[in-house]
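Colleague: Let me give you the structure first, and then I'll get to my questions.
Only the coordinates and a few stated rules stand behind these numbers; no lab work does. Keep in mind that what you see is a predicted model, and the values were worked out from it rather than measured. So basically every Cβ, Gly included, is an ideal-geometry build from the backbone, and we count neighbours across all protein chains shown.
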Amino acid sequence: MRIDIQELSIASAKHALANQEFSCVDLVSACFDRIRKHDKDVHAFLSLNEEQALEQAEAVDRKIKNKEPLGALAGIPVAVKDVIATKGIPTTAASKILERYVPPYDATVVERLKEAGAIIMGKVNCDEFAHGASTENSAFGPSRNPWDLSRSPGGSSGGSSAALAAGFCLAALGTDTGGSTRQPAGWCNLYGLRPTYGRISRYGLFSMTSSTDTPGIFAKTTEDTALLLLVLAGHDLLDATSLPSEVPDYRSKLNEPLKGIAIGLPKEFFEDVSDPKSAEVVSQAIGQFEKLGAEIKHVSLPHTKYGVAAYYIITPSEVSSNLGRFDGIRYGHRSDTANTLMEVYAKTRGENFGPEAKRRIMLGTYALSSGYYDAYYQKAQKVRTIIADEVKKVLNEVDLILTPVSPHPAIKLGEKADDPLAMYLEDIYMSTAALAGIPGISIPAGFVGGLPVGVQLMAKQLDEATLLRAAHQYEKATGWTMQHAKL
Ligand code: GLN
């Protein structure tokens, strides 16, 4: 039977599988058919896991026939960002240095997906080591936005957003260090959740900025997002920063109305309107939240303007340290032409890291070096503390903070690729949640010239339930995610 993947959510696919409207093999095959047909244009996948996926699908079908108990994501096709370790499946971080790496272990998020019965379709593209906002820093070429193939699907998790928006899967995992889940979701008409730092284990994520890295969730509905979070969240002994707090059933509060919820609009996020049409979409969303009963309050986060600057000191500093292990000895594909130990280091790293990874290693090494440490790294950490305190204070007055996701919709490929500073500024609305360790979600909110525009909600640490509840009420009232990219 013909299955229209674009019309399915996780919830509706689960329902159809349980009622045997189609089999899991049908579902997974339909996704691979679409991938075969369209991924030459989209370039979401770096590797496919077709054989194993079909075997798993057969196993799910057998369980359904025999009426055996099923996991919460049984038979659901999921794409996984290529900075997340998958046992036996190449995991390259979209870098030449890991081109031949096949992890001997699964990241905790992958293990949890598998335990819940999800089907890993393959690994999706991203900026090299997740450094970037457009996937153009991938060593294997950029992904394209299914809404307009001349544009970026966002980044760094652009393969994840592209795969889901193209109908190659029903959910995707990304990571969010400084916006890499929320921004690509916004550019592709998807929900993109950055959970509280520590809510979902980082074990098996290739570390970028360990102090802000977190797995991220891409889904087509809030209900699907809540289910994925429920499966993935929770304490993990393999990640020392993982939070032991109990995991609530994020689905239980989705239907509570928004009366009594206060949403803060930080004025600093609305000052520089570079694209009035995107700004109009955001103000309509604010109006909608008000109609839904939320109380809108004007608040201020005065240090917002230093967020990107602090992030781009802290991130390269941690990157320069985290990438140290890729030296051709501990990790990484060793240069074939090196004759001495120094050459092993220099050539391995020189030949295999791309320009952005090298830039960050140099910036970070500089910021951490003696004499500059106080002026740069330590100062950035102080700014980070101020921003986190400020956010905390505001979130004592309001339940949620609403901001744009991006200054404008998806950029053209090539538009900013040669301008690192312009690319860093793409994160202008993203760094706050990252630096403060709070959860943020990107919500589909409309279109400008046929391109999706998102709004961002942020909440107190561990208050994903309120985030999802507000997003769900808005989804029910607007239904933007019912619109799909046409390939
Ligand atoms: N665009 C940001 C950066 O380049 C965010 C990346 C991320 O979240 N992985 O650092």
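Matching residues to (1) buried (at least 24 other Cβ atoms within 10 Å of the Cβ); (2) among the hydroxyl-bearing types (Ser, Thr, Tyr):
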site: Asn145; (1), (2): yes, no
site: Trp187; (1), (2): yes, no
site: Arg202; (1), (2): yes, no
site: Thr209; (1), (2): no, yes
site: Thr225; (1), (2): yes, yes
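Colleague: Output the number of the condition that Ala226 fails; it satisfies all remaining conditions of (1) more than 28 Å from Pro407 (Cβ to Cβ); (2) part of a loop (DSSP other than H, G, I, E, B).
Modeller: (2)
Colleague: For the range 264-279, which positions are in contact (Cβ under 8 Å) with a residue 40 or more places away in the chain and of a type outside the set (Phe, Trp, Tyr)?
Modeller: Within the range 264-279, Gly264, Leu265, Pro266, Asp272, Ser274, Asp275, Lys277, Ser278, Ala279 qualify.
Colleague: Exactly one condition in (1) assigned to a loop (DSSP other than H, G, I, E, B); (2) within 13 Å of the ligand (Cβ to nearest atom); (3) over 16 Å from Ala410 (Cα atoms); (4) touching a helix residue (DSSP H, G or I) at 6+ places or on another chain (Cβ under 6 Å) is false for Gly174; which is it?
Modeller: For Gly174, the exception is condition (1).
A quick yes/no check of all residues on (1) within 16 Å of the ligand (Cβ to nearest atom); (2) more than 21 Å from Leu149 (Cα to Cα); (3) touching a residue at least 40 places away in the same chain (Cβ under 8 Å); (4) surrounded by 24 or more Cβ atoms within 10 Å (Cβ to Cβ):
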{"residue": "Pro420", "(1), (2), (3), (4)": "yes, yes, yes, no"}
{"residue": "Met423", "(1), (2), (3), (4)": "yes, no, yes, no"}
{"residue": "Pro439", "(1), (2), (3), (4)": "yes, yes, yes, yes"}
{"residue": "Val448", "(1), (2), (3), (4)": "no, no, yes, no"}
{"residue": "Pro452", "(1), (2), (3), (4)": "no, no, yes, yes"}
{"residue": "Met458", "(1), (2), (3), (4)": "yes, yes, yes, yes"}
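Colleague: Which one of these does Arg182 not meet: (1) over 21 Å from Ala357 (Cα atoms); (2) within 11 Å of the ligand (Cβ to nearest atom); (3) surrounded by fewer than 24 Cβ atoms within 10 Å (Cβ to Cβ)?
Modeller: In the conditions (1) over 21 Å from Ala357 (Cα atoms); (2) within 11 Å of the ligand (Cβ to nearest atom); (3) surrounded by fewer than 24 Cβ atoms within 10 Å (Cβ to Cβ), Arg182 misses (3) alone.
Colleague: While we're on this one: For the range 185-233, what are the residues that are touching a strand residue (DSSP E or B) at 6+ places or on another chain (Cβ under 9 Å) and hydroxyl-bearing (Ser, Thr, Tyr)?
Modeller: Tyr191, Thr196, Ser201, Thr214, Thr221, Thr222, Thr225
Colleague: Turning to a different aspect of this structure: Being away from the ligand (no atom under 16 Å from the Cβ), without any contact (Cβ under 8 Å) to a residue 24 or more places away in the chain, of a type in the set (Ser, Thr, Tyr) and in contact with a Lys or Arg (Cβ under 6 Å, 6 or more places away or on another chain) narrows it down to one of Ser300, Ser335, Ser283, so name that one.
Modeller: That would be Ser335, the only listed residue that is away from the ligand (no atom under 16 Å from the Cβ), without any contact (Cβ under 8 Å) to a residue 24 or more places away in the chain, of a type in the set (Ser, Thr, Tyr) and in contact with a Lys or Arg (Cβ under 6 Å, 6 or more places away or on another chain).
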